[in-house]
Amino acid sequence: MESKETNTKTLESTNSVARPKKVTFRSIGRFLWENKSFTIGLLIVLFMLSLGIFADYIVPHDAYNGNPREKLLSPFWMKDSNPKYVLGTDYIGRDTFSRICYGLQVSIIIGFGSVAVSLTIALVIGIISGLSHPSLLDSILMRLTDVQMAFPFIVLAIIILSVVEPTIGSVILVLGLCSWAVRSRVIRSSVMIQKESDYVAAGIALGASKFRIAWKYILRNLLPSLVAAIPLDVANAIVLESLLSYMQIGLKPPIISLGSIMGDGRNYMASHWWMTAIPGFVILFFVLGLNLMGDTLQKKMTDVSVKG
Amino acid sequence: MFGTIVKRILQGILVLVLVVIITFVVLRLIPGDPARQMASDGSAQAVEEIRAEMGLDKPIYVQLFEYIPKLLTGQLGWSYFQKAPVFDVIVNTAPFTYALLFSAMILGVIMGLIFGIIAAVKAHTWVDRTLSAIAVVFQSMPTYWVATMLILIVSVQWGLLPAVGYKSPKYLILPAFVVSIPIFTAVLRNVRQNVMDGLSQEFSRAARARGISHITILFKYAFRNSLIPFITQIGGQVGVSLGTCVLIESVFSLPGMGMQILNAVLRRDYNLVQGLILILAATFVLINAIIDISYSYLDPRIRKAQGGL
């Protein structure tokens, strides 16, 4: 038992040749300089994250209760605006900027939360079916992913949200349950490739348990591609959440969502178009930032796998 | 080859059976009783009568065992709120959804192909960078928001195209454009990457050395080689786009399956929801099966591998 442990350790330490270089400030700086679209994306995302996370300290006005004397104000660049309300106010005089900050907070929680859920499901299903391939279990799990992909998301979401009360938690679960299939396919095929690799064969020869193979060998190798997938998946989840709230099947007031701010503006669209346009632009920029980051990370991943 | 097709069809049928069962059970677990909404006087007796008439008083599994044989003989049941057979509702609404999906696919694929090839040929120049920037911005726009904004600008402000409802094919232009945006960006990126890869391959360089013209190399060598990843991606896009269609139909109030399905879920019109979900899922499964089977025609290597099995 003792010798087995040390054997695995030496194997891992010989692997260190292939480990990435040490991360220094200089190497981070070079990465950011060489990948400018990533850096732009990162800056946008950091800006949006800080607006959302520090919303409590930033917001200039009460986001939940309006000032009826200041309702339907225009944003600062138009006439009929009040410099105190930068992005204008809605139909009951609530400050749009303050509401957007809280909406971002909700988007961030739901975006990251639901990706955590969907990636966990995708990992469990992908690894189990990849390792057990070819088997009945694998076929069953793959048909399940087919079913998820064949179901139109919006219908699934409405059906689930009419059973459970739409809260932040339940919306996270719905989005997570509706978006794991594609990732689990990717993970499964990556596991199947790894299963044939020399280091897994070496691990099995050394007597490593199935669980240890899955956890220490395969999961560790999946991590970089999972991290690279996070920004794109979060972006997707943020759009879907806002959509549910916009269609009034998602979060209910008093919880503020970017989608419901947009939905509130719908009735005033002909005369006050910015009430719908501004939250949309906020989502657009947030998602753009995440996409720019995600694209670069994904490209790096494929470059590495092509070289390797 | 024949074996693959049979296997693929059986898999597709299995998926559809699972979709039917899951929808059936989940719908009946939702709180909210269609009988109560339909009973005219709201008395308990009237509700019970309607429940018995609809078969809702029996346990779920009994209802399921009664439903499946009917389904196999092609009976989709009766829509209680539309007061018409589910089959008729589908026949009346499906053409709108398929027309929307089809025109959006064509629009998106053509735009994506043209600009993807241009970007690949002009790789790493300002043309390529501009196209990639446009693609990533388009990709980041929430489609329902674009739909709302387009209605506002194109229909309300400029008065160019009709906004909601359906009277002539003109009413499909805006929705089709909206649905085509994600297809366009995905195809553009995919085609750009694969054509670039194809152009840098040995066989393309060898062809250039033999003096074959750029256009021939582009289409006969580089593009032909990117067909498989391209087709695979279109298969995936069909599923996503069907979902987008359902949604965009409700923004534009198009009388398609999307509008029907949203209303049917809210009214607990079980048979109609069941029928519509089955049709949407079947569309997705069918298109993907066709794509899987078409691989072997496109790539002789896959054909050979399958023949060998």
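The values are calculated or read from the model by the stated rules, or taken from the named source; none is laboratory data. A quick note: this is a predicted structure, and the numbers were derived from the prediction, not measured. Reconstructed Cβ throughout: ideal geometry from the backbone, glycine too, with neighbour counts over all protein chains shown. Please note that ligands, DNA and RNA were not included when accessible areas were found on the heavy atoms of the full protein model with its side chains. Shrake-Rupley method; radii C 1.70, N 1.55, O 1.52, S 1.80 Å.
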Any hit, the range B:163-179, residues being within 12 Å of another protein chain (Cβ to nearest Cβ) and surrounded by fewer than 20 Cβ atoms within 10 Å (Cβ to Cβ): yes
Of the conditions (1) touching a helix residue (DSSP H, G or I) at 6+ places or on another chain (Cβ under 7 Å); (2) open to solvent by 50 Å² or more (accessible area, probe 1.4 Å); (3) within 11 Å of chain A (Cβ to nearest Cβ); (4) of a type in the set (A, V, I, L, M), B:Met149 satisfies every one except a single condition; which number is it? (2)
Hey, can you tell me all the residues within the range A:124-138 that are assigned to a helix (DSSP H, G or I) and either open to solvent by 40 Å² or more (accessible area, probe 1.4 Å) or in contact with a His (Cβ under 9 Å, 6 or more places away or on another chain) (or both)? A:Val124, A:Ile128, A:Leu131, A:Leu136, A:Leu137
For the range B:75-94, which residues satisfy the criterion of being open to solvent by less than 80 Å² (accessible area, probe 1.4 Å), in contact (Cβ under 8 Å) with a residue 12 or more places away in the chain and farther than 16 Å from B:Ile21 by Cα? B:Ser79, B:Tyr80, B:Phe81, B:Gln82, B:Val86, B:Val89, B:Ile90, B:Thr93, B:Ala94
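For the subset of the range B:97-117 comprising residues that are small (Gly, Ala, Ser) and open to solvent by less than 20 Å² (accessible area, probe 1.4 Å), which member is farthest from B:Phe252 (Cα to Cα)?
Checking each candidate, the answer is B:Gly116.
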So B:Thr232 passes all but one of these: (1) out of contact with any Phe, Trp or Tyr (no Cβ under 9 Å at 6 or more places or on another chain); (2) over 21 Å from B:Val127 (Cα atoms); (3) β-branched (Val, Ile, Thr). Which condition number does it fail? (1)
Can you find, within the range A:166-206, the residue that is nearest to B:Val240 (Cα to Cα) among those that are touching a residue at least 12 places away in the same chain (Cβ under 8 Å) and hydroxyl-bearing (Ser, Thr, Tyr)? A:Ser179
Please pick out the residue among A:Val147, A:Val163, A:Val155 that is open to solvent by 30 Å² or more (accessible area, probe 1.4 Å) and either facing another protein chain (nearest Cβ under 9 Å) or more than 19 Å from B:Val238 (Cα to Cα) (or both). A:Val163
Given the options A:Ile108, A:Ile92, A:Ile100, name the one that is modelled with pLDDT of 75 or more and in a loop (DSSP other than H, G, I, E, B). A:Ile92
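Yes/no per residue for (1) surrounded by fewer than 15 Cβ atoms within 10 Å (Cβ to Cβ); (2) in a loop (DSSP other than H, G, I, E, B):
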residue	(1), (2)
A:Arg188	no, no
A:Gln194	no, no
A:Gly207	yes, yes
A:Arg220	yes, no
A:Pro224	no, no
A:Ala237	no, no
A:Ile261	no, no
Could you tell me how many of the residues in the range B:226-271 are buried (at least 20 other Cβ atoms within 10 Å of the Cβ) and part of a loop (DSSP other than H, G, I, E, B)? 5
Identify the residue in the range B:272-284 that is of a type in the set (A, V, I, L, M), over 23 Å from B:Ile181 (Cα atoms) and open to solvent by less than 20 Å² (accessible area, probe 1.4 Å) and, among all such residues, is farthest from the other protein chains (Cβ to nearest Cβ). B:Leu272
Is it true that B:Ser200 is open to solvent by less than 40 Å² (accessible area, probe 1.4 Å) and not hydrophobic (A, V, I, L, M, F, W, C)? no
